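Structure record follows, encoded as structure tokens.
Please treat every number below as a calculation from the coordinates, not as lab data. The model shown is predicted, which means the values in this text are computed figures rather than measured ones. Cβ atoms come from the backbone with ideal geometry, glycine included; neighbour counts cover every protein chain shown.
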Amino acid sequence: MNNNPIGVFDSGIGGLSVLRQIIKLLPNEKYIYYADTDNVPYGLKTKEQILEYVENAIDFLNSKKVKAIVVACNTATSVAIKDLRSDYNIPIIGIEPAIKPAIENRKNKKVLLMATPVTVKGEKIKNLIKRLGAEDIVELIAMPKLVEFAESGEFNTERVKEYIRESLERFNLEEYSYLVLGCTHFPYFKTTLKEILPDSICIIDGSIGVAERLKEVLEENKMLGSNKLEITFYYSGRKVEEKLEIEKLKNLLNRI
Ligand code: DGL
């Protein structure tokens with residue numbers, strides 16, 4: 001048993017969509033949620049910048065004696081996970097777009113992956129698609145503005161709908177059976193996306209997979225906790241103390 005907290009990290013509020021799934025599986029833990037609000041969005045930064053931000057965040061979480069860290073950000077995982085795993089000696093779990101289940105269940109149709117520009121252009125996603133032999137099946141689209149909309153709490157406005165419609169214009173959506181959300185900010189737009197997409201398209205994300213993997217790793221290492229659920233929030237290393245701000249984050253956590 002290990003009652004130290006678990007660190008969950010994202011560039012902003014996106015990782016809360018992952019934390020929600022984690023809490024469902026692991027309710028008896030303490031969590032430190034680190035949103036790198038000073039540097040969001042990551043999806044438009046260089047690899048070098050992202051690597052530096054991620055290392056700072058991980059160092060901070062380490063200084064809080066976390067027993068494991070979840071990088072609840074596809075962009076950060078895509079750029080930094082290899083280096084992180086060799087640099088730190090606690091379990092570090094990353095997130096990957098849920099392309100595999102989409103490929104397995106696609107019923108001969110195509111799969112659309114929506115992520116940030118860094119993830120879409122990255123080697124990691126290309127390798128994953130290649131490994132699955134799905135080069136002709138998966139189409140990729142970068143939707144950086146959704147990150148900005150999410151950070152400003154705008155999820156279902158006309159502006160958001162217009163952006164989604166315009167971005168998807170070049171696809172014949174009837175050819176697709178799955179939309180994979182490859183950015184943790186995107187599950188907040190599920191309702192809006194459902195309004196726009198044909199009913200036959202199934203929307204999935206990778207948060208359940210991460211939660212299951214974390215549980216597995218903690219079990220394997222006999223690190224499960226027996227705490228009363230507690231979440232402490234940090235914005236780029238500064239503890240969030242303001243009641244209204246904590247309320248806002250808790251609302252987002254329960255929103256999906
Ligand atoms: N939430 C992040 C992801 O999963 C990235 C958002 C951003 O900072 O651009 O990719």
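Worth pointing out:
- Ranking of D199, D38 by count of other Cβ atoms within 10 Å, fewest first: D199, D38
- Between the listed residues N4, Y88, P117, the Cα displaced farthest toward the positive end of the dipole of the chain, a dipole computed from Cβ unit charges relative to the Cα centre, is found at N4.
- For the chain, a Gaussian network of Cα nodes joined below 10 Å ranks R213, R159, R170 by mean-square fluctuation, and the top entry is R170.
- Aspartates and glutamates whose Cα lies under 20 Å from that of K126, excluding same-chain neighbours fewer than 8 positions away: E48, D83, E96, E104, E135, D136, E139, D205
- Principal axis analysis of the Cα atoms in the chain yields extents of 49, 40, 34 Å, listed in decreasing size.
- Highest GNM mean-square fluctuation among E151, E230, E29, for the chain modelled with Cα contacts below 10 Å: E230.
- For the range 101-256, relative contact order (Cα pairs under 8 Å, six or more residues apart, normalised by length) works out to 23 percent.
- Cα-centred dipole magnitude for the range 108-196, charges only on beta-carbon of K, R (+1) and D, E (-1), debye, nearest 20: 340 debye
- The angle between the Cα long axis of helix 16-25 and the longest principal axis of the Cα atoms of the chain comes to about 70 degrees, rounded to the nearest 10.
- Helix 207-220 axis versus longest C-alpha principal axis of the chain: approximately 40°, rounded to the nearest ten.
- Which of D36, D59, D136 has the fewest Cβ neighbours within 10 Å, and the rest in rising order: D136, D59, D36
- Counting only Cβ charges, +1 for Lys and Arg and -1 for Asp and Glu, the dipole size of the range 1-60 around its Cα centre is about 360 debye.
- Computed from point charges on the beta carbon alone (+1 for Lys and Arg, -1 for Asp and Glu), the dipole magnitude for the chain about its Cα centre is near 560 Debye.
- Antiparallel bridge percentage (DSSP; both residues within the chain; nearest 5): 5 percent
- Farthest toward positive dipole pole in the chain [+1 Lys/Arg, -1 Asp/Glu at C-beta], among S226, L249, A142: S226
- Ignoring lysines fewer than eight residues from K121 along the same chain, the ones with Cα atoms less than 28 angstrom from its Cα are K45, K47, K82, K100, K107, K109, K110, K130, K145, K161, K190, K194.
- With the helix formula -39500 (n - 2.57) applied to DSSP H stretches of n ≥ 4, the chain reaches a computed 222 nm mean residue ellipticity of -13000 deg cm²/dmol.
- Sorted fewest first by neighbouring Cβ atoms within 10 angstrom, C73, C202 come out as C202, C73.
- Angle in degrees between helix 74-87 and the longest Cα principal axis of the chain, rounded to the nearest 10: 40 degrees
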